[in-house]
Amino acid sequence: MNIVVLVKQVPDTYSERKLTDADHTLDRESADAVLDEINERAVEEALQIKEAHGGEVTVVCMGPDRATDAIRKALSMGADKAVHLSDAALHGTDAPATARALAKVIGTVAGVDLVIAGNESTDGRAGAVPAMVAEVLGWPQLTYARKVGIDGSSVRIERETDAGVLTVEAELPAVVSVTEKINEPRYPSFKGIMAAKKKPVTVLSLADAGIDASEVGLAGAASQVVASAPKPPKQAGVKVTDEGEGGVRIAEFLAGEKLL
Amino acid sequence: MAEVLVLVDHVDGEVKKVTFELLTVARRLGEPSAVVVGEPGTSEKLTAALGAYGAAKVYAAESAQAVQFLVTPQVDVLAGLVQRVSPAAVLVPASIDGKEIAGRLAVRTGSGLLSEVVDIDGEGGGSHSLFGGAYDATAKVVRGTPVVTVLPGAVEAEQAAGAAAVEQVEVPAATGARITGRQPAEAGDRPELTEASVVVSGGRGVGSAENFAVVEKLADSLGAAVGASRAAVDSGFYPHQFQVGQTGKTVSPQLYIALGISGAIQHRAGMQTSKTIVAVNKDPEAPIFEIADYGVVGDLFKVAPQLTDEITKRKG
Ligand SMILES: Cc1cc2nc3c(=O)[nH]c(=O)nc-3n(C[C@H](O)[C@H](O)[C@H](O)COP(=O)(O)OP(=O)(O)OC[C@H]3O[C@@H](n4cnc5c(N)ncnc54)[C@H](O)[C@@H]3O)c2cc1C
Ligand SMILES: Nc1ncnc2c1ncn2[C@@H]1O[C@H](COP(=O)(O)O)[C@@H](O)[C@H]1O
């Protein structure tokens, strides 16, 4: 079972996130960057499948140089190797072009049976890259999995959304995305952290991956941000201390606002 | 006038409210055509409602297979229509399914994608609210047919008469991942979280699953949906689908009441665009008070039941 895990480095949600004034892209320098939490779970799921069925886990990441930290984290958890698509021309790439580029990179990994991604990232929240990667590859999409099972040459998941829980099945190769509820990711051990330093990370430029620079970046984007501005933070209103009348006070406030 | 395709969100033979919002927005860009993908006989039940919100046409794409495959039948049908009628735009609800459908459609048709917009102007510029409402941005599609997902509850649905002329379209033979089992979510008596005009949420401070009855009682007195913080969900107090925040639902109701929630940045990301925010927390330093229009420093087990009684009294 050869598994590719798609991982993304994102600004830490605890730090302030901004857009650059110059071109309205995410200001990646202004915030601490971390391996997206959901991708730790994607790596964990891949490792569990490898432990049960054998094979190899390859981490694939598209992002700037410093995304190496996120890749090392995934390797220290136990992934075997990594491919990092890194090129200055990728700056500003939109979601469909990201999916096309990731599909190209997946194509450089030999004999892939399964791609595992997070269901949505905490920065873009497109929640659609895994589905779009499946579209480009022409592979079945089994997304928003709270449970994944492999049986011979087929994969079965439980997809949990607002609409309820669906059981979804397909033949391999396939693209799976996992939700927060899938597992608890392991902590990298000291041994794992040391071993990760020696694991192979192939860095690809656009040319290496066979991607034309005109297909990506701000120039290649099929949508453009034309304006952006921070919203003035919401102001605090009234704060009172409950002295036995707190509930009544709220009701009076709501009535005054015509909310009752 | 160019057509604007609107993918219809429907469940149990009823049109979901977000569809009416999409039809309302679609009228700014052209003539709305509703696209129904479902089992044979589905569109018949939906046509009148779609017409009441201005659908000039209803494309009925019906087959047994349409509900047996994940997402791909909708993509196939929309892609076929995009090619045939060259619409001014395709509008899809920003639900989980909708975002995946829209993403695949954009890839297949070589088009630009605008995700989770809260409004669209007549020129097709979509407004976004980023990082949980900390930023506003406007984006435009510059290539192909704009494919836009619109957040539920972001625009007010307005009725308008439409002819709702039904046209059958074929559902291409499906491929992809097959749906082999289905446990629909229990509808319950409360409004849906993302559609509700009032949301009452509980956090870790609620303390237990049993204690969530305090949150539910207040919600029911207001006809509200119930939400929860991730800490409350992770502690097993309330089911996951009710989580509000960055990795849960984004809600933007008229009124949001937070009980025993500290107001961590990731929770605020899912609720800070609410019109009015009320918070009850026993810690006067809790960050939720920074964004609350009305905050009460106190014990939620004293304040919330009193508020419930007071509301019941005023309404009764
Ligand atoms: C990547 C990531 C994603 C996340 N996504 C989400 C998300 O989607 N949604 C989310 O909510 N969180 C999310 N979190 C978690 C978030 O950081 C907080 O941990 C969480 O929101 C805290 O929930 P809480 O406010 O209920 O709990 P706490 O922070 O523990 O706060 C409980 C509050 O209850 C008060 N309290 C206790 N007892 C009472 C009482 N009797 N009466 C009144 N007040 C009382 C306390 O004073 C305290 O302020 C995420 C975190 C990360 C890292
Ligand atoms: N630049 C990227 N590199 C690698 N994986 C990505 C990238 N962007 C998105 N993904 C994958 O797609 C998932 C969902 O992201 P998104 O659709 O952007 O919300 C992430 O959790 C990753 O697994």
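Readers should treat all values here as calculations from the given coordinates under stated rules, not as data from a laboratory. Nothing here was measured: the structure is a model prediction, and the numbers come from that model. Here the Cβ positions follow ideal geometry from the backbone for every residue, glycine too, while neighbour counts run over all protein chains shown.
A few notes on this one:
- Evaluating kT/(6 pi eta Rh) at 20 °C and 1.002 mPa s, with the Kirkwood radius of region A:49-90 over Cα pairs in the Stokes-Einstein relation, gives 193 µm² s⁻¹.
- For region B:1-145, the Rg and Dmax computed from alpha carbons only, in angstrom: 14.5, 44
- Distance histogram in 5 Å bins (all Cα pairs of region A:164-260, percent per bin): 2, 6, 6, 6, 7, 9, 11, 14, 11, 7, 6, 8, 5, 1
- Annotation for region B:132-202: GluC sites (Glu not before Pro) lying in DSSP loop with at most 14 further Cβ atoms inside 10 Å of their Cβ are B:E156, B:E158, B:E170, B:E186.
- Whole-number Å³ per residue for the convex hull built on Cα positions in region B:199-300: 81
- Averaging the sequence gap over all C-alpha pairs within less than 8 Å and six or more residues apart, then dividing by the number of residues, gives region A:2-215 a relative contact order of 25 percent.
- As computed over chain B, the Cα convex hull volume per residue (Å³): 139
- Shape call, region B:65-210: gyration tensor on alpha carbons, a/c limit 1.5: oblate
- Using a cut-off of 19 Å between Cα atoms, the listed pairs B:K217/B:K302; A:K50/B:K99; B:K282/B:K315; A:K181/B:K282 include A:K50/B:K99; B:K282/B:K315; A:K181/B:K282 as exceeding that distance.
- The distance from the alpha carbon centre of region B:274-316 to that of region A:194-233 is 44 Å, rounded to a whole number.
- Hits among aspartates and glutamates - C-alpha to C-alpha of B:K45 under 14 Å, sequence gap 8 or more where chains match: B:D9, B:D12, B:E14, B:E62
- Mean Cα-pair separation over length for chain B, i.e. relative contact order, pairs under 8 Å, 6 or more apart, %: 15
- Taking a straight line from the alpha carbon of A:K234, these aspartates and glutamates sit under 13 Å away, with near neighbours fewer than eight places off in the same chain left out: B:E290, B:D293.
- Quotient of Cα Rg and 2.2 N^0.38 Å for the protein assembly as shown, N being how many residues it contains: 0.97
- Along its principal axes, region A:88-227 has C-alpha extents of 43, 41, 31 angstrom, given from the largest down.
- The alpha carbons of region A:2-215 give a radius of gyration and a Dmax of 16.4, 51 Å, in that order.
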